[in-house]
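The values are calculated or read from the model by the stated rules, or taken from the named source; none is laboratory data. Quick caveat, the model's predicted, so the values are computed rather than measured. Cβ coordinates were reconstructed from backbone atoms using ideal geometry, including for glycine residues, and neighbour counts include every protein chain displayed.
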Amino acid sequence: MTRVDTPSPAPSAVDIVGFEPAHLEGAQALSTAVGWAHRVEDWALNLSVSRGVIGLADGRVVATALCSLHGPVATLNMIIVDGSMRGRGLGRKVMEAAMALAEDREMRLVATPEGMPLYRKLGFLENGRIVQMGGTARAATPECDVQVGSVNPQRLAKMDFAASGMERGALLTRIAEAGETLSADGGFAMLRRFGRGHVLGPIVARNPATARALIAAAATRMEGQPLRIDVYEDLGLVPFIEELGLAIAGTGTPMVRAAKAHPESDYRTHALVSQALG
């Protein structure tokens, strides 16, 4: 008896096309499949300040990459490839397409261990470490007075630019409209819905004491509820945040390509808006 093997189906062709709002639900399904907590609303916030591309196979979103534009800086993010499509160079294709959208800007991203080899090949260099903190928040007394409420958007954008070198006034306005702004002398923080809970970020402050006060005030407002904060490890906030009920949930590696000089400032970004948006 002769054995006849059934040929394996040919891999579906993938078209690289521009990311449109109509693709949000497909993109969210893809991020859920890889274990990311993003809601459609979280994707929509990213897309509101971004250009992007997707990979489409048989009408299904199988890859994504966004290039978020912040004046002289672009953040490359939401780079995902469906598990069934890996090993075919698709990640590199969408990444290169997103990089082209950045034009001559400085490019930043936060890398997972899986993505780092590709990013190194594309000219990105490591620049520190991000620690993702998450858990059920506990109340604490801030070290200084913290106000909750509206703050002049131009003032927020000025402090944020001094800290990050990114022009994110429109993004900060959108976050303020959907969430809460906490402010203190020499800093501010923003609290909003994200995933299955809330995220605190950015946290911009001139000194660690102000950053701690903003975090304590936010944790008090979120007492008993899930809270996430993505902080720069080298600023020493991790032990303090652990006292507020949050634990280390993961890490990421900031990387930069075509870095440019930025004016020096006393302000520092202590926590990110998100790992996608810097």
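Taking region 32-129 as the region of interest, the strands (runs of 3 or more DSSP E) fully inside it that hold 2 or more residues being surrounded by 16 or more Cβ atoms within 10 Å (Cβ to Cβ) and touching a Pro at 6+ places or on another chain (Cβ under 9 Å) are 106-111.
Checking VAL204, VAL199, VAL148 one by one, the residue that is buried (at least 22 other Cβ atoms within 10 Å of the Cβ), in contact with a helix residue (DSSP H, G or I) (Cβ under 8 Å, 6 or more places away or on another chain) and β-branched (Val, Ile, Thr) is VAL204 and no other. Could you check, for region 113-120, whether at least one of its residues is of a type in the set (Lys, Arg) and not assigned by TED's automatic domain parsing to the domain that holds ILE215? Yes.
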